[in-house]
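The values are calculated or read from the model by the stated rules, or taken from the named source; none is laboratory data. Quick caveat, the model's predicted, so the values are computed rather than measured. Please note: Cβ atoms are built from the backbone with ideal geometry, for glycine as well, and neighbour counts cover all protein chains shown. Calculation scope for accessible area: heavy atoms of the full protein, side chains included, ligands and nucleic acids excluded. Shrake-Rupley method; radii C 1.70, N 1.55, O 1.52, S 1.80 Å.
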Amino acid sequence: MKLTGAQILMEMLKQEGVDTIFGFPGGKVIDIYHELAKTDIKHILVRHEQGAIHAADGYARAGNRVGVCLVTSGPGATNTVTGIASAYMDSIPVVILTGQVPCHLIGNDAFQEVDIVGITRSCTKHNYLVKQTEDLARVVKEAFYLARSGRPGPVLIDIPQDVQQKEIVFKNPDNVNMRSYNPTYTPNMIQLKRAVQQLKKAKKPIIFSGGGVIRSNASEELTALAHTLHIPVTSSLMGLGSFPGTDPLWLGMLGMHGTYRANMSIHESDLIIAVGVRFDDRVTGKIDEFAPNAVIVHIDIDPTSIHKNIAVHTPVVGDCKITLGLLNTLIDQEDFTPVKENRKNWLEQIELWKQTSPFTYDQKNIIKPQYVIDKLYELTKGSAIITTEVGQNQMWAAQHYHFDHSGQFITSGGLGCMGFGLPAAIGAQVACPDRLVVDIAGDGSIQMNIQEIATAVQFNLPVKVVILNNQYLGMVRQWQELFYDKCYACTRMDHTPDFVKLAEAFGALGMKATQPEDVGPVLKEGLSSDKTVIMEFMVEQEESVYPMVPAGKAITEMLLA
Amino acid sequence: MEEKNKYILSILVDNEPGVLARVAGLFSGRGYNIESLCVAETTDPLVSRITMVTIGDTAIVEQIKKQLFKLINVIKVYDLTGTEYVQRELILIKVNAKPDHRAEILRIADIFRSKVVDVGPEHFTIEVTGSEEKLAAMLNLLKPIGIKEIARTGKIALARETK
Ligand SMILES: Cc1ncc(C[n+]2csc(CCOP(=O)(O)OP(=O)(O)O)c2C)c(N)n1
Ligand SMILES: [Mg+2]
């Protein structure tokens, strides 16, 4: 069978089970689009390529599969870079297809040529420039395999136009065979047995879960471990949802804006079972003072995560799900009764910490941003998929919405990329058409990719945007308030568009609440609409996120208000 | 602070365009040092060997090795530091050779078992291979006479076969 490169690409995408592509056409991908139109793969036409990559990211997280994005060469490709970097930091499986100028023009500064492979080398798991149509099928197969296996991540394939056009005899590639890539899924049992002994000795253990638990679908195993041994659980921002946010053993998030009890518990603990985390500085605070008395067991599929930021006692390289499954089996074979009976003191101590600074606020005559999220939680019964923008809105979402399930909380954690939430919500809505998807946004961030409202409206995606409008780049303002003598240099945002009219101009529904008593009704009406909705809440302008660990301080040195 | 040491790594990689950029980019992007670097094809045309000397404390070098291995095109990373290995480096030295120095230069070249590969009325170019210490000693002797320029390959190394 003779096929062109573009046709081979379609064939391979079908084989990989791709049903949706987020993209934006251009001269160097016309051939691919020409073939795409003949398939039944759904194409979501975004309004900016950054929207395409974030949407593919949101789609991957909510749908637990590889997201795909397709853009043209040059500016199309460079517009995706921020989103690729975000997906890379958060280990999200996406495949980015970029058009490229024909091979004979590469290196000539041809029209719309950029070296996108060079540009994205450090923010992709791997990337390819396909120079021969003969290589294309194998490369696509490898790219999907790389994106979803091991520690997942974005993989970019740059496809020159002549490679798309050339016709060759199509040969289905064999299974992927890469001698230099062999992730370790099954852990070293000696290390795991050591962890069991450490668990037996521990009086004040704690489980610390991260995004890796979500990526490897290990929530069930993690929850089982916590329940059998009565171990309290905290998570990084990326780990929210990996353990039920309504479970009595749940401590809340850890780190800079974590709960008082989570930070104190980690500090006082004598054993940390860290799973699928990378000990980011936002979590550890001052590294020398992090968990001074704890033995640390660190389970992660990526060996580079282990011993990178923090020295650990029991390193375990392996897939979180497989490793926790094996750990649970080992625990079942041992007698843990006395250990569990001893847990009382520890849990009582934690209960005491719970009384300090439990995210309280006083809802008087100006809307508190926290109140909006509490109401949102109540009205959605905790079942919505929440995406966020970046800043205070993101932290309040993390603190006040309680996530019971993996994939329910979608945020740009590692890169902290404003403009992520709306396109990610679009991707999540495409992956989960029957779910309620809400982007919790700030007035600043939402303007970074506001154009994607048009995409949502065009494709009948009823995403809901909740804007917490504090008329500030709030998180930066908070730092200025606390550490820069309240000098609010360039963070005032009192010239925002009229979001209600803007929504209407896009063909979406726009609503606004200025009084606390409007919050409930606006949310109720907005959430029940089957349209794309922007709900704007005029909130307390100088509200700050607490607790807060100032940068470089130990996580016990929290500012509480 | 733990002291920094030199480490010598021997890295087998896919012989493909862009692989060296990935390795070098890893070092520049993460702020690691490259002291010297040597790349060439092995007997398997699909595989190249990179020999690299880097500087850091143990934790950094452990991290470097893991990061290198994480690159999809890296097949193997051998840390030769502290093992039995043979290493060589080649230098071309262009040295001023006025009439009253010519004999002395040739004598030095002879002592170090090096070769004169280019001769002119005012200069010799000498090729010398050997260990770091040997090369340093030779350069020291030639320096007072006047070294015009040098080119050096960087270290290459292979582990010794265990008997
Ligand atoms: C693309 C990008 N640019 C700049 C920043 C720095 N930054 C972090 S939070 C923030 C303020 C965001 O303002 P807003 O969206 O209104 O959220 P708020 O903190 O007020 O809730 C800024 C500017 C960033 N994270 N991302
Ligand atoms: Mg704001």
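With respect to A:Gln349, is the statement that it is open to solvent by 50 Å² or more (accessible area, probe 1.4 Å) and either assigned to a loop (DSSP other than H, G, I, E, B) or closer than 18 Å to A:Thr234 by Cα (or both) true? Before the answer, list the steps.
Details: open to solvent by 50 Å² or more (accessible area, probe 1.4 Å): yes; either assigned to a loop (DSSP other than H, G, I, E, B) or closer than 18 Å to A:Thr234 by Cα (or both): yes.
Yes.
Residue-wise test of (1) assigned to a helix (DSSP H, G or I); (2) touching an Asp or Glu at 6+ places or on another chain (Cβ under 9 Å); (3) open to solvent by less than 60 Å² (accessible area, probe 1.4 Å).
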residue: A:Gly83; (1), (2), (3): yes, yes, yes
residue: A:Ala87; (1), (2), (3): yes, yes, yes
residue: A:Thr98; (1), (2), (3): no, yes, yes
residue: A:Phe111; (1), (2), (3): no, no, no
residue: A:Val114; (1), (2), (3): no, no, yes
residue: A:Val117; (1), (2), (3): yes, yes, yes
residue: A:Asn127; (1), (2), (3): no, yes, yes
residue: A:Lys131; (1), (2), (3): no, no, no
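Pairs meeting the criteria (first residue in the range A:532-561 and within 18 Å of A:Asp443 (Cα to Cα), second residue open to solvent by 60 Å² or more (accessible area, probe 1.4 Å), beta carbons under 6 Å, at least 6 apart or on different chains) are A:Glu536/A:Lys512; A:Met538/A:Thr514; A:Glu540/A:Ile366. For A:Asp485, the test of being open to solvent by 50 Å² or more (accessible area, probe 1.4 Å) and within 16 Å of ligand 2 (Cβ to nearest atom) is failed.
Set side by side, the residues B:Ile50, B:Ile55, B:Ile11 differ, and just one is open to solvent by 20 Å² or more (accessible area, probe 1.4 Å), aliphatic (A, V, I, L, M) and under 17 Å from the mean Cα position of the chain (by Cα), which is B:Ile55. With a requirement of 1 or more residues that are of a type in the set (S, T, N, Q) and within 14 Å of chain A (Cβ to nearest Cβ), the strands (runs of 3 or more DSSP E) lying completely within the range B:1-109 that satisfy it span B:47-56. Just one residue in the set A:Gln478, A:Gln429, A:Gln458 is open to solvent by 20 Å² or more (accessible area, probe 1.4 Å), more than 14 Å from every other protein chain (Cβ to nearest Cβ) and either within 14 Å of ligand 1 (Cβ to nearest atom) or not charged (D, E, K, R) (or both); that residue is A:Gln458. Among the residues of the range B:115-163, those that are part of a helix (DSSP H, G or I) and either under 16 Å from the mean Cα position of the chain (by Cα) or among the hydrophobic types (A, V, I, L, M, F, W, C) (or both) comprise B:Glu132, B:Glu133, B:Lys134, B:Leu135, B:Ala136, B:Ala137, B:Met138, B:Leu139, B:Leu141, B:Leu142, B:Ile145.
Taking the criterion of being part of a loop (DSSP other than H, G, I, E, B) and β-branched (Val, Ile, Thr), would at least one residue in the range A:281-288 satisfy it? No, because not a single residue in the range A:281-288 is part of a loop (DSSP other than H, G, I, E, B) and β-branched (Val, Ile, Thr). Within the range A:502-512, one or more residues are outside the structural domain of A:Leu45 (by TED's automatic domain parsing), more than 29 Å from the chain's Cα centre (by Cα), over 21 Å from A:Gly391 (Cα atoms) and not small (Gly, Ala, Ser). All of (1) within 16 Å of ligand 2 (Cβ to nearest atom); (2) surrounded by fewer than 22 Cβ atoms within 10 Å (Cβ to Cβ) hold for A:Leu468 with one exception: (2). So which pairs qualify, if the first residue must be in the range A:260-283 and closer than 16 Å to A:Glu348 by Cβ, the second must be assigned to a helix (DSSP H, G or I) and open to solvent by 40 Å² or more (accessible area, probe 1.4 Å), the Cβ gap must be under 6 Å, and the two must be at least 6 apart or on different chains? If the second residue must be assigned to a helix (DSSP H, G or I) and open to solvent by 40 Å² or more (accessible area, probe 1.4 Å), the pairs left are A:Arg261/A:Lys354. The listed residues are A:Val213, A:Val196, A:Val233, A:Val163, and the only one of them that is under 30 Å from A:Ala6 (Cβ atoms), of a type outside the set (Ser, Thr, Tyr) and in contact (Cβ under 8 Å) with a residue 24 or more places away in the chain turns out to be A:Val163. So how many residues does the range A:500-510 have that are surrounded by fewer than 20 Cβ atoms within 10 Å (Cβ to Cβ) and free of Cβ contacts under 8 Å to residues at least 40 places away in the same chain? Of the residues in the range A:500-510, 4 are surrounded by fewer than 20 Cβ atoms within 10 Å (Cβ to Cβ) and free of Cβ contacts under 8 Å to residues at least 40 places away in the same chain. If the condition is being among the polar types (S, T, N, Q), open to solvent by 60 Å² or more (accessible area, probe 1.4 Å) and either under 19 Å from A:Lys368 (Cβ atoms) or at pLDDT below 95 (or both), then the range A:511-553 contributes A:Thr514, A:Gln515, A:Gln541.
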